[in-house]
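Here is the structure we will look at.
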Amino acid sequence: MEIRTLRYFLAVAREENMTRAAELLHVTQPTLSKALKSLEDELGKKLFTRHSFSISLTDEGALLRDRAEDLIFMADKIEREFLSLDDITGGELYFGLAESYQIRYLARELRALKERYPALRYHITSGDTEQVTEKLDKGLLDFAVVCSTPDSTKYRFIEFPEADRFGLVVPRGHPLAARDRITAADLAGLPLFCSEQSWENDIRPWAGERFDQLRLEGSFRLAYNGSMFALEALGCLLTLEHLIDVSPESGLCFIPLQPRLELRFYLIWNRYQTFTPIAERFLSQVSASFGAAPV
């Protein structure tokens, strides 16, 4: 199975049209058709369903698309890494980031690194812990930022300098908006929005015996989207401080939880990872700046 053939396959999957894909790839349509037929023969599966004016993926084709995207990304990443080995002015860094105000520390270090190595390029993927560690495990990322204690058998890590505080985001006219603290009893029976990860890992132990009285109205991976639902009075958003605009003009306010609930964030990487020169420089700089040696 050749990388070039996978690129052909992904182009057709994306365009859903053989002619357009051939034009984008600068190959003839017979060449493209032959390559895809060979791929189907090699895998022993039908990858496309052909219609009068379009092409769609079969279930097997959809599976290959997901795998092929990772393979192509990895192939391109390897090529860029080797090209950057002798580049003393920069290189490529790949990050998977959880949502946190703490990301400002990471941005600060990248700015300082880019001042020293102006050709540095960095690529950011956002997601929860499950999403970014999956990409890290596949080798698609150099580093990830997560909000759960890392598995020390798989990862090395550095803890961020501060903790993030959990709270409730509600419209300013909400009955709870005047409170200076929110308890689990205050939330009983209310429609609540939260990420699935935080609901199970953070809110459940925080609420204790009252957890069964809490009602998850809907789950969100991105706090901003949840805040829009809260603004329309569909429910109250449980999230970290500083992720949502709660200025007077926003129509929303943030109220911390009581007892206080905080999350620590960690910069992690694979324990047996081999770094490019720029990744080593970045890690050395972060370690010095945070005043913490990698664990």
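The values are calculated or read from the model by the stated rules, or taken from the named source; none is laboratory data. Fair warning: this is a prediction, and the values are worked out from it, not measured in the lab. As a convention, Cβ positions derive from the backbone with ideal geometry for all residues, glycine included, and neighbour counts pool all protein chains shown. Remember, those area values only see protein heavy atoms, side chains included, never the ligands or the DNA or RNA. Shrake-Rupley method; radii C 1.70, N 1.55, O 1.52, S 1.80 Å.
Only one of the numbered conditions (1) in contact with a strand residue (DSSP E or B) (Cβ under 6 Å, 6 or more places away or on another chain); (2) buried (at least 18 other Cβ atoms within 10 Å of the Cβ); (3) among the charged types (D, E, K, R) is violated by D128, and that is (1).
Residue by residue, here is whether (1) out of contact with any His (no Cβ under 6 Å at 6 or more places or on another chain); (2) modelled with pLDDT of 90 or more; (3) more than 25 Å from Q285 (Cα to Cα); (4) surrounded by fewer than 19 Cβ atoms within 10 Å (Cβ to Cβ) holds:
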site: D86; (1), (2), (3), (4): yes, no, no, yes
site: V132; (1), (2), (3), (4): yes, no, no, no
site: G139; (1), (2), (3), (4): yes, no, no, yes
site: F143; (1), (2), (3), (4): yes, yes, no, no
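Would you check if L231 is touching a residue at least 40 places away in the same chain (Cβ under 8 Å) and in contact with an Asp or Glu (Cβ under 7 Å, 6 or more places away or on another chain)? Judged against the criteria, L231 is not a match. Of all residues in the range 125-143, exactly one satisfies the criterion of being among the basic types (K, R) and either under 26 Å from T239 (Cβ atoms) or assigned to a helix (DSSP H, G or I) (or both), namely K135. Given the structure, is L234 under 25 Å from the mean Cα position of the chain (by Cα), outside any helix (DSSP H, G or I) and among the aliphatic types (A, V, I, L, M)? Judged against the criteria, L234 is not a match. Of the residues Y122, Y105, the single one that is part of a strand (DSSP E or B) and either of a type outside the set (S, T, Y) or crowded, with 16+ Cβ neighbours inside 10 Å (or both) is Y122.
Of all residues in the range 199-233, those satisfying the criterion of being within 16 Å of P259 (Cα to Cα) and among the small types (G, A, S) are A207, G208.
Scanning the range 167-176 for residues that are crowded, with 16+ Cβ neighbours inside 10 Å and either in contact with a Lys or Arg (Cβ under 8 Å, 6 or more places away or on another chain) or outside any strand (DSSP E or B) (or both) returns a single hit, H174. Candidates in the range 1-58 are the residues that are assigned to a loop (DSSP other than H, G, I, E, B), among the polar types (S, T, N, Q) and without any contact (Cβ under 8 Å) to a residue 12 or more places away in the chain; of these, the one that is farthest from D70 (Cα to Cα) is S52.
For L234, the test of being closer than 20 Å to S198 by Cβ and surrounded by fewer than 16 Cβ atoms within 10 Å (Cβ to Cβ) is passed.
Inspect all residues belonging to the range 280-294 and state whether any of them is open to solvent by less than 10 Å² (accessible area, probe 1.4 Å), touching a strand residue (DSSP E or B) at 6+ places or on another chain (Cβ under 9 Å), touching a residue at least 12 places away in the same chain (Cβ under 8 Å) and within 30 Å of T153 (Cβ to Cβ).
Checking the range 280-294: at least one residue is open to solvent by less than 10 Å² (accessible area, probe 1.4 Å), touching a strand residue (DSSP E or B) at 6+ places or on another chain (Cβ under 9 Å), touching a residue at least 12 places away in the same chain (Cβ under 8 Å) and within 30 Å of T153 (Cβ to Cβ).
The set of residues in the range 185-199 being among the small types (G, A, S), open to solvent by less than 40 Å² (accessible area, probe 1.4 Å) and in a helix (DSSP H, G or I) consists of S198 alone.
Being on the phi < 0 side of the Ramachandran plot, touching a Lys or Arg at 6+ places or on another chain (Cβ under 6 Å) and either modelled with pLDDT of 90 or more or not charged (D, E, K, R) (or both): is that true of R156 here? Here the answer is yes, as R156 does meet what is asked. The single condition from (1) of a type in the set (S, T, Y); (2) farther than 30 Å from I78 by Cα; (3) in contact with a Leu (Cβ under 9 Å, 6 or more places away or on another chain) that S247 fails is (3).
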